[in-house]
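Notes follow the structure.
We did not get these values from a lab; they are worked out from the coordinates using the rules stated. Since the structure is predicted, the reported quantities are computational estimates derived from the model, not experimental observations. Here the Cβ is made from the backbone with ideal geometry for all residues, glycine too, and neighbour counts use every protein chain on show.
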Amino acid sequence: MEKYRPEKIEKKWQKIWEEMDVFRALDKSKKPKYYVLVEFPYPSGEGLHVGHCRSYIGLDILARKRRMQGFNVLFPMGWDAFGLPTENYAIKTGIHPAIATKKNTTNFKRQQKNLGLSFDWKREINTTDPLYYKWTQWIFIQLFKKGLAYKAKMPINWCPSCKIGLANEEVIDGKCERCGKKATRKEREQWFLKITKYADRLIQDLDKVDYPERVKISQKEWIGRSEGAEIKFPIPVFTTRPDTLFGCTYLVLAPEHPLIEKLKHKIRNYKQVKDYIEKSKKKIEKERIAEDKEKTGIELKGIKATNPVNNRKIPIFIADYVLMHYGTGAIMAVPGHDQRDFDFAKRYNLPIIEVIKPKDSKYDPSKQAYEGEGILINSGRFTGMKSEQAKQRITEWLTRKGSAKTAVHYRLRDWIFSRQRYWGEPIPMIKCEKCGWQPVPEKDLPVELPKVKGYKPTKSGESPLAKVKTWIKVACPECGNAGRRETDVMPNWAGSNWYYLRYCDSQNDKKLAGAKLLEKWMPVDWYNGGMEHTTLHLLYSRFIYKFLWDIGAVPRGVGPEPYKKRTSHGIVLGEGGIKMSKSKGNVINPEQVIKEHGADAMRIYEMFMGPFEQMIPWDTKGVKGVRRFLQKVWQLSEKIQNPNAKIQNPKLIHKTIKKVSEDIENLKFNTAVSALMILANGLEKQKEISEKDYSLFLILLSPFAPHITEELWERAGFKGMCCEQKWPKYDSKLVKEKKITLVIQINGKVRDKIEVEADISEKEAKKIALSRDKVLKYTRGKEIKKTIFISGKLINFVI
RNA sequence: GCCCAGGUGGCGGAAUGGUUUACGCGCAUCACUUAAAAUGAUGUGAGAGAAAUCUCAUGUGGGUUCGAGUCCCACCCUGGGCACCA
């Protein structure tokens, strides 16, 4: 028999699949639908990463299995192509980002096709295509019309190197997420999206979806809902601990608090206060809240606040560890029961009053604050009450007096949605002196990105679009007078918020997607992507989906959540367990692996290397082992020469059907591959293999190694295509073993093993076991106190 | 500091409370070969022993149980995320 040559057969079958359009998702089919989604990649210049492949191959196996199970499967692919690396490349080389994107997507697509992935390429989308971003812009306009997009001046995180405003989420360790340079702050007008309005629903609806628990937890924590009260001092202050109000001895305001400017004529030390404010303005947020830093602050001399529970006058400070955008930008300080306040009070010699009696007596109130709950002390008529009850009663009492109300605050902030860059969707807004911000009329969408000479942001930090005078000038859609276009563009998350909807109806030019097709395909049945997207992309896209559902752009019947089930794949590390990176020179190029060992070997290795959800180091030797396995599979075909060969191994086959079927559903691809190897080893030992056994083996292997199985299927002269066969069901009778190895234990230690019928009774097992020499060695002269018998497994004697 | 995940051979890892180390890699010996590669066969947790066999091993220390990698408690280490959030 000729040698296994993947390079020959893989190209052949990829071509046939394409020509016969076998992976097409059918809009009109009567079969039940199944929507499999993998995160679409950012087509970088580096090409496909072996980590991308992990997600694609795993879900491709699932998609292929679903098709064989009789589902009409939608498994699409596209490009999330707006973004900084391409723009930075344009700045460096002068090559237009659209040209670089075209080149990169062509490269990615070729690499994906080489892997034999069963995407429906007829639905391919690209976020940088004006016909696509027309709808991204349309969504923005709807958000604006509903009051969910607004412009506000805000001290934002600013990267002096990228010349771009950064969302808080994009600043890592005080540095710009993309370039790694130190971030500072800058005042700027920015568009914001009111994701906070959806905070409660984003938490509640997590109950309706099947996500890993840790993903749900991190989304909840990111949103950070906390219930408490807003107390008037009369400056409003948010607290979750109204039970500690009697211990409040001063207030602290954020340096940006508007009250400071308002009351400046009353503040006696205003000059020093101003200095402090200026200093804190320069610090980025992470620096302000860094833990090891000494807490600094300054008292506002000349003004006082009043604690409403006892009408005491208390001093007011400003300190940069208090943040303007959380709560009300002011806190009540309870040094007895909050460690930050305690440290601050010690430093500035402020009174510390204990108002909660600690539960544990070991604690020393002169050394640290007691942050737990307990019984109230020194709290007027609330003394003796438990914290939980006191929270409620004090809030009620103050509410009646008009100096409090219950309140809920979130840690989640509104989403900064503008970038002063070029390679993004232009924000479709026009500013008119008379009418204010007006959306571009929908008939004029898309607002296409104009050609520019250079891609660098202006020195003032404005988008390069600000230099295109002819493009900026436009008539106000409301009054017709001269207006100005918005020159900021959207962040690269914009296009990925709704892309899974577009796949359902990718050619529609009237709507972002037609209601009928959305109803047919949505929601996504299974969505896989990186763990790093759980708090950004996954949360943002749920928010945008909910909005589109609210305004009827997605039909009511689809339900409030876009993704039924979400899983994550572990990243692939370089050999030796360190992260793959260009600088370390340990990047594995999937194309090279395919060239050397074939796509099937690459696919199986990526699944076999370890648990799908865990991060695993790459091991080139492992690919060789998998290649050997495929070689063995190739040679099995020699054993089916005799068409009258009897079915010889139904037991092993049916066990494998069970194992592989269940493992795919649980993303346990590594053990599924192992089961297929065991089956292949078993078949190899036989003199001949029946056609029935052989065809079942090929079917089971085909989602993992689609090319070799298709080729062997054809060579065996079987009908149709292997990938279109019915997924087999196992016979539960055949899965059970008749003879088993019964383990004999003495006091829980294995002392002997016997071959017996699987359904052997306890009495009989005991009889046989106690006659064995090895057992007698231990039991002779001893009393058997107890016998534990687990049918089909073991018998244990306690002596 | 808090939250999450994890710690099993030389390596990647497997294991519904019931034979620890499946499957694969690597290594060793043998066969084929002038030789190497490839392929095939056998072996391969550690210690003791000529062998049968015995003892000890799932990060550490306790506990529950006839029996614990698995359940409970405390701790150590690694990776990831969050962090003056009022």
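For an R0 of 60 angstrom, estimate the FRET efficiency from the Cβ-Cβ distance between A:Lys753 and A:Lys102 and round to the nearest 0.05.
Approximately 0.35, to the nearest 0.05.
Can you give the Kirkwood hydrodynamic radius of segment A:557-691 from its Cα pairs, in Å with one decimal?
About 17.3 Å for segment A:557-691.
Which of A:Glu230, A:Glu606 comes first, and how do the rest follow, when ranked by fewest Cβ neighbours within 10 Å?
By the 10 Å Cβ count, ascending, the order reads A:Glu230, A:Glu606.
What is the projected area of the convex hull of the Cα atoms of segment A:651-799, averaged over all directions, in nm²?
Its average projected convex-hull area is 11.5 nm².
Using 1/(1 + (r/R0)^6) with R0 = 51 angstrom and r between the beta carbons of A:Lys11 and A:Leu734, what's the FRET efficiency to the nearest 0.05?
FRET efficiency, A:Lys11 to A:Leu734: 0.85.
Using the 2.2 N^0.38 Å rule of thumb for compact globular proteins, work out how segment A:213-340 stacks up: its C-alpha Rg over that value, please.
Its radius of gyration relative to the 2.2 N^0.38 Å reference: 1.13.
In the structure shown, do any of A:Lys220/A:Lys579; A:Lys103/A:Lys451; A:Lys763/A:Lys785; A:Lys163/A:Lys186; A:Lys295/A:Lys346 have a Cα-Cα gap over 21 Å, and if so which?
Distance filter (> 21 Å) returns A:Lys220/A:Lys579.
Can you tell me the convex hull volume per residue for segment A:428-491, based on C-alpha atoms, in Å³ to the nearest whole number?
About 97 Å³ per residue, rounded to a whole number.
Counting only C-alpha contacts under 8 Å and six or more residues apart, can you give the relative contact order of segment A:617-709 as a whole percent?
Averaging sequence separation for qualifying contacts and normalising by length gives 37 percent for segment A:617-709.
If the label point is 7 Å along Cα→Cβ of A:Arg214, which residues in segment A:649-670 have backbone nitrogen under 19 Å from it?
Residues passing the 19 Å test: A:666-670.
Testing the spin-label approximation: label points 7 Å from Cα along Cα→Cβ at A:Leu131 and A:Val22. State their distance in nm.
Label-label distance for A:Leu131 and A:Val22, simple model: 2.9 nm.
In deg cm²/dmol and to the nearest 500, what is the mean residue ellipticity at 222 nm of chain A if only DSSP H runs of at least 4 residues count, each as -39500 (n - 2.57), divided by the residue total?
So the calculated ellipticity at 222 nm is -10500 deg cm²/dmol.
Give me Rg/Rg_expected for segment A:1-123, where Rg uses Cα atoms only and Rg_expected = 2.2 N^0.38 Å with N residues.
Compactness ratio reported: 1.23.
For A:Tyr270 paired with A:Ile788, estimate the spin-label separation in nm (one decimal), with each label point 7 Å from Cα along the Cα-to-Cβ line.
Going by the 7 Å Cα→Cβ label model, 8.1 nm.
Can you pull the Rg over Rh of segment A:594-653, Cα-only, Kirkwood?
1.13
Can you compute the FRET efficiency between A:Glu532 and A:Glu764 using 1/(1 + (r/R0)^6), with r the Cβ-Cβ distance and R0 = 45 Å? Round to the nearest 0.05.
After rounding, the FRET efficiency stands at 0.20.
To make sure I understand, if each residue's beta carbon is the centre and we count other beta carbons within 10 Å, what order do A:Lys134, A:Lys367 fall in, fewest to most?
Fewest-to-most Cβ neighbours within 10 Å comes out as A:Lys367, A:Lys134.
How do A:Arg411, A:Arg66, A:Arg185 rank when sorted from fewest to most other Cβ atoms within 10 Å of their own Cβ?
A:Arg411, A:Arg185, A:Arg66
How much length is gained on full extension from A:Asn349 to A:Gln592, taking 0.36 nm per residue of separation minus their Cα-Cα distance?
80.7 nm
How far, in nm, would the chain grow between A:Cys435 and A:Lys516 when pulled straight, counting 0.36 nm per residue and subtracting the alpha carbon separation?
In short, 25.4 nm is gained.
Can you list the residues of segment A:1-44 with backbone N under 13 Å from a point 7 Å past the Cα of A:Lys122, pointing along Cα to Cβ?
Answer for segment A:1-44: A:18-29.
Two-decimal Rg/Rh of segment A:631-713 from alpha-carbon positions, Kirkwood Rh?
Rg/Rh: 0.95.
Can you give the relative contact order of chain A as a percent, counting alpha carbon pairs under 8 Å and 6+ residues apart?
Contact order relative to length: 14 percent.
Using the Kirkwood radius over C-alpha pairs as Rh, can you work out the diffusion coefficient of chain A via Stokes-Einstein at 4 °C, viscosity 1.567 mPa s, in µm² per second?
In µm²/s, the coefficient is 41.
For segment A:487-538, take the alpha-carbon Rg, divide it by the Kirkwood Rh, and send me Rg/Rh.
Over the Cα atoms of segment A:487-538, Rg/Rh equals 1.04.
Measuring from the lowest to the highest alpha carbon on each principal axis, how far does segment A:715-766 reach, largest first, in angstroms?
The Cα atoms of segment A:715-766 stretch 57, 20, 17 Å along their principal axes.
If I stretch the segment between A:Phe718 and A:Asn508 completely, what's the gain in nm (0.36 nm per residue apart, minus their alpha carbon distance), one decimal?
71.5 nm
Over 5 Å intervals from 0, what percent of Cα-Cα pairs in segment A:365-519 sits in each interval?
Binned Cα distances yield the sequence 2, 7, 10, 11, 11, 9, 7, 5, 5, 6, 9, 8, 6, 3, 0.
Given N residues in segment A:315-442, what is its alpha carbon radius of gyration divided by 2.2 N^0.38 Å?
Segment A:315-442 yields a ratio of 1.64.
Debye calculation, C-alpha points only, no solvent: report log10 I(q)/I(0) for segment A:39-89 at q = 0.18, 0.22 Å⁻¹, in the same order as the q values.
Each listed q corresponds, in turn, to -0.68, -0.85.
Sequence gap at least 6, Cα distance under 8 Å: using those rules, report the relative contact order of segment A:367-466 to the nearest whole percent.
17 percent
Okay, which of segment A:381-399 sit inside 11 Å, backbone N to the point 7 Å along the Cα-Cβ direction of A:Thr406?
A:392-393, A:395-396
Simple spin-label model, 7 Å along Cα-to-Cβ: A:Ala482 to A:Lys565 in nm?
Here the answer is 6.0 nm between the modelled labels.
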